[in-house]
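All remarks here apply to the structure that follows.
Values quoted throughout were computed directly from the atomic coordinates according to the rules given, and no laboratory measurement underlies them. The structure presented is a predicted model; accordingly, all values stated were derived computationally and were not measured. Neighbour counts run over all protein chains shown; Cβ positions are idealised from the backbone, glycine included.
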Amino acid sequence: MKAPTGRDAAPTIADVARLAGVSRAVASRALSTEPRPVSADKRERVIDAANALGYKPNLLAQSLTTKTVNLVAVVVNHIHDLSDLDLFDRLIDQIQAIGKQVILVRIGSVARVEEFLRNGVAYHVDAGLVFSDFADATTVRRMFRSDLVVMLNGLHDELSPVVMPDEAVGIFEAVADAASKRVRTAGLVTGRASSPVEHARIGLYRKAFEQHRIELKRTVQGDYSYASGHAAAAVLAGDDCPDAIFCTSDAMAMGILDVCRSDFPGNRPPRFRLYGFDNLSLTDFEAYPISSIGYDKSDYVRHIVDFIANPEAFKPGQPPIMVPTRFVLRATS
């Protein structure tokens, strides 16, 4: 088959249908990423024919027919925290497993969100997943001109699906562990002050300290990064250090541990105990055996992807899906 230019023309869905011995409609359904009815025998014949011809679906044409583009936007502040790597590898894999691809949109400030809106910068996507704490649900719906916006940052409304870790159980278990080991004073290294999720997390730590009569001697604000934990060590781990230091990310706890390795002979804590948050995969190894608070990331991702795959299942006003956390005991506490 020759195109007017004299080059071989790309095979079409009609060519695939002809070779498979089916109608164009059946061939289209068999190759669709959407769950559309077609018998197993016909689907196999169509796939074999497409492979034999080297047929590639026209994604633009498909999007005009199905009103989808098979793109999901993931909105983040940045990706430099180790917890991002643990989570996004799973998330992208599962989004691709349902036939969609991911675009990352980095938003570093509220001004950046306003710039997106002012300049009309937007992407046509099937769904937006919002991790950034600089954007609320209404704003993101405007950014993407899409009603399906899954909120993961605490800035949701009744029109948006929500998936959140239920952090209370894990935090109270961690503080109870410290209290059982006669911890009477604590330091807390926190993340960004702008984050509503972080505000709620700090409130849970304060409540748990009060319940167990642990004095919070000092709070140091970081940004979840290793570097901010490294800097916090100079403030908290001096001669008058508290009995325990709690960090709201494992990366910050790793920074403290590296500064204070001499205080953890054999990874044991004779001077102060150290607790992280996120339960990173790295904490399962000998270099960073940090007691931490985590949740089932596979379960978390499953709930998110369910909303993308089955948007009609969401009912406006339904309560957030809460994924429970747990305390994971390791050597540093």
(message) If I stretch the segment between Arg271 and Arg142 completely, what's the gain in nm (0.36 nm per residue apart, minus their alpha carbon distance), one decimal?
(response) 41.2 nm
(message) With θ taken as phi - 60° and the coefficients 6.51, -1.76 and 1.60, list the Karplus ³J(HN,Hα) couplings across segment 212-224 in order, rounded to whole Hz; mark glycine and proline as x.
(response) 9, 6, 9, 7, 7, 6, 7, 10, 10, 8, x, 9, 6
(request) Over 28 Å between C-alpha atoms is what I'm after, so list which of Lys56/Lys297; Lys181/Lys217; Lys181/Lys207; Lys207/Lys297; Lys42/Lys297 land there. (result) Lys56/Lys297; Lys42/Lys297
(message) Over the Cα atoms of segment 235-333, each weighted equally, I'd like the Debye log10 I(q)/I(0) at q = 0.10 Å⁻¹, rounded to two decimals.
(response) -0.38
(message) What distance in nm separates the two pseudo spin-label positions at Ala234 and His199, each 7 Å out from Cα along the beta-carbon direction?
(response) 3.1
(request) Report the extension gain between Asp284 and Ser262 in nm, rounded to one decimal, defined as 0.36 nm multiplied by the number of residues separating them, less their alpha carbon distance. (result) 5.9 nm
(message) With 10 angstrom as the radius, rank Phe327, Phe314 by how many other C-beta atoms surround their C-beta, starting from the fewest.
(response) Phe314, Phe327
(request) Report the equivalent ellipsoid semi-axes for segment 162-314 in whole Å, largest first, defined as the square roots of five times the eigenvalues of the gyration tensor built from alpha carbon atoms. (result) 29, 17, 14
(request) Could you list which residues have their amide H under 5 Å from that of Val323, counting only those 5 or more apart in sequence or on another chain, with H placed in the peptide plane? (result) Met164, Asp166
(message) Can you give me the distance in nm between label points at Ser32 and Ala52, each placed 7 Å from the Cα along the Cα-to-Cβ direction?
(response) 2.5
(request) Relative to the compact-globule scaling 2.2 N^0.38 Å, provide the ratio for the alpha-carbon radius of gyration of the chain. (result) 1.26
(message) Could you tell me which residue out of Val183, Ala200, Leu159 lies farthest along the dipole of segment 133-210 toward its positive end? Charges go on the beta carbon: Lys and Arg +1, Asp and Glu -1, centred on the Cα centre.
(response) Val183
(message) If I take R0 = 41 Å and measure r between the Cβ atoms of Lys181 and Asp93 in this structure, what FRET efficiency does the formula 1/(1 + (r/R0)^6) give, to the nearest 0.05?
(response) 0.60
(message) Quick check on the chain: of the DSSP beta bridges with both residues there, what percent are antiparallel, nearest 5%?
(response) 15
(message) Give me Lys181, Lys315, Lys297 sorted ascending by neighbouring Cβ count inside 10 Å, so fewest comes first.
(response) Lys315, Lys181, Lys297
(message) Nearest 500 deg cm²/dmol is fine: what mean residue ellipticity at 222 nm does the chain get from its DSSP H runs of n ≥ 4 alone, each adding -39,500 (n - 2.57), divided by its residue count?
(response) -12000 deg cm²/dmol
